[in-house]
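Heads up, the thing below is written out as structure tokens.
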């Protein structure tokens, strides 16, 4: 406990000096005060001190008891997210956790994720319930980048296997092998899963220890793993716990580190035709994708493995949408149907949604955030709305414009927008289904291929239409453009989406690139990102706001991690 131990040692030194120099008559009083002061010094835990976020973990595997360390990376109401290394808890789905501020008392945790195939992999534990979370529980911020160098001194916090309380040792970085730092110092096996700190920030996680050396994964590897799990950790510079992801309140990346670009995490292969759409589930654990051959695929975001694959439609699957509760996936197709699927297994639930008036394909589909209705854009110039619980048709929304391509609801569920084949952008009041305006009149034959509401509901972004290669931002109060289009693509932009916090816009297009935009500055962030060999058809943000997926005509999907400094 470097931070408290130093204060404790100083306190003890001064008290011993006072006792030794005091007259005998006062010594008992001083000793009593010393005991009281020591008790308060040890038991008072500041949530801003590192030890307030470090925990002792005990697991039982095949009748054998193992101990290790973990630390809190995120706090939500009634939930603590704790990171450790896989071998500390492997084989025990519900290990015991002891918090520093509630010593000699354990609570049961839940192993949410674990990298069992990686001997140096991570595990993520959850402790739920207010009763199980002590007052003053802290969160350790992660360094935004790996800044360690050989000979740097770091602090390693953990619980030695020999017993005793939390300890802190000073170690030195002696080198690096692959993704692991090599540390010299008294790093114990019980430190496994514990944090490596420099300047109060996590720069690594202890993976194992021997008599002479300790080893630790880099903070960047931890970041990548947490991003894959859909968990947004606190980053150095953030001053408050993050709010949980939600479709009604932005999760997210609050003021703090500056976004500088993105790096490619992985390429997902499995489709045999153009990938027309890709969407994350609301909890961020699954990714659904649609193919030009009618195939639907469901992916595990963490392992990046295929969970399910079905021939969902007789013709091309064109659009996907998860219900707000994540239990249902809707797919729209050129076969003129909208199908609803059990989102955990890609099994159909009931008959397809159809309307006699819908002739031609269904190009876009979206759930209202209340989960009770669904909208679909039909090729015969109409947007249809169905009631989800009983699957009855609620409305047929026509206009003087040509076929609608994509549809989107505002986050509050009050507005519905559709972009059309002849450059119109149509708005309706979602509850009454009454027209709410037209943002773009017919000016050319360039279709509006994508529309997206800003989380605050005051701005709409569109691609195609009036400015084929640019991204246009619209003021929904005046129904007018907000300045000039955002120009960066060299060929038509096909897809646009806002980040959950509304600070970043992502666009993708025929030029095979992904561009990130600063919404306030209206400027691109970094250079255009190229991860595909053909047109990028779709872009979507993960609910954590730190991961992006792109779908492409090259039959692949690419996962991107946003980079901050």
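The numbers here are math on the coordinates, done by the rules we state, and not lab data. Since this is a predicted model, take the numbers as computed values, not measurements. Cβ placement follows ideal geometry from the backbone for every residue including glycine, while neighbour counts extend to all protein chains displayed.
Structure summary
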| quantity | calculated |
| --- | --- |
| Sorted by Cβ density within 10 Å, fewest first, the residues 458, 305 | 305, 458 |
| Fewest-first ranking of 427, 125, using other Cβ atoms within 10 Å as the exposure measure | 427, 125 |
| Sites residue 79 and residue 135 - FRET efficiency at Förster radius 22 Å, r taken between beta-carbons, to 0.05 | 0.90 |
| Simple label model, 7 Å out from Cα along Cβ direction - residue 391 to residue 359, nm | 2.5 |
| Residue 429 versus residue 151: modelled label distance in nm, points set 7 Å from Cα along the beta carbon direction | 7.2 |
| Highest to lowest packing among 167-174, 289-296, scored as the average C-beta count within 10 Å | 289-296, 167-174 |
| Burial ranking of peptide ranges 190-198, 486-494, 98-106 (average Cβ count within 10 Å, highest at the top) | 190-198, 486-494, 98-106 |
| Extension gain, residue 314 back to residue 533 (0.36 nm per residue minus Cα-Cα distance, nm) | 76.1 nm |
| Label-to-label distance, nm, for residues given as residue 112 and residue 186 (7 Å Cα→Cβ offset) | 3.5 |
| Förster radius 51 Å - calculated FRET efficiency between residue 65 and residue 521, Cβ distance, rounded to 0.05 | 0.40 |
| Relative contact order (%) - segment 259-564, alpha-carbon pairs under 8 angstrom, separation at least six | 15 |
| Highest to lowest packing among 417-423, 518-524, scored as the average C-beta count within 10 Å | 417-423, 518-524 |
| Relative exposure of 285, 65, judged by other C-beta atoms within 10 Å (fewest first) | 65, 285 |
| Rounded FRET efficiency, nearest 0.05, which uses the C-beta distance separating residue 478 from residue 304 and R0 of 56 Å | 0.80 |
